[in-house]
Amino acid sequence: MKDKIDKEKTINHWISTSDKDFETMLHLYESKDFHWCLFVGHIVIEKLIKAGVVKSTGKHAPFTHDLRRLAKLSQVEFTTEHLVWLDTITTFNLNVRYDSYKEAFYKKCTSEFTSE
């Protein structure tokens, strides 16, 4: 029974760590570290959607950062507009982590872009 998980404990873990990361995201925004703020914002949303995946499936969420894929697994109804946002937010994860994307992403990460 390796798939057997403590569903409530796992959901609470995703939510509580997301809450902590949200505070970090706000601090990064205040310090004008916009690229890291957006990266952590992605993690915040990812964790909340993973809580939804666990809630709907009773299994651990997969090891992926693809928010659209996780959204589908969560069985939550997202609008097309929200799915487009999830696709955009997923790119924040790649853009901060990989050198080939970093420079262009850093330039994009203005206060206005990040606030939006």
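Applying the Karplus relation 6.51 cos²θ - 1.76 cosθ + 1.60 with θ = phi - 60° to the range 29-37 yields 3J(HN,Hα) values of 5, 4, 8, 6, 8, 5, 5, 6, 4 Hz, where x marks Gly and Pro. Full extension of the chain between Tyr98 and His27 yields a length gain of 23.3 nm, computed as 0.36 nm times the residue separation minus the alpha carbon distance.
Give, to the nearest whole percent, the P(r) tail of the chain beyond 25 angstrom, counting all Cα pairs. So the pairs more than 25 Å apart make up 26 percent of the total in the chain.
Using the Karplus relation 6.51 cos²θ - 1.76 cosθ + 1.60 with θ = phi - 60°, the per-residue 3J(HN,Hα) values for the range 84-93 come to 5, 4, 4, 4, 5, 5, 4, 5, 4, 5 Hz, with x marking Gly and Pro. Taking chymotrypsin sites (Phe, Trp or Tyr not before Pro) in DSSP loop conformation with at most 13 other Cβ atoms inside 10 Å as exposed sites, the chain has its longest uninterrupted site-free stretch at 1-62. Here the chain is treated with +1 on each Lys and Arg Cβ and -1 on each Asp and Glu Cβ, and its dipole about the Cα centre works out to around 560 debye.
In sequence order, the range 49-56 has phi-based couplings of 5, 4, 4, x, 5, 4, 4, 7 Hz under the Karplus curve 6.51 cos²θ - 1.76 cosθ + 1.60, θ = phi - 60°, and Gly or Pro positions carry x. Put the Cα centre of the range 49-116 next to the Cα centre of the range 1-35 and the gap is 14 Å.
Where a number appears in this text, it was derived from the coordinates with a stated rule and is not lab data. None of the values given here were measured: they were computed from a predicted structure. Quick reminder, even Gly has a Cβ in these numbers, built from the backbone with ideal geometry, and neighbours come from all protein chains shown.
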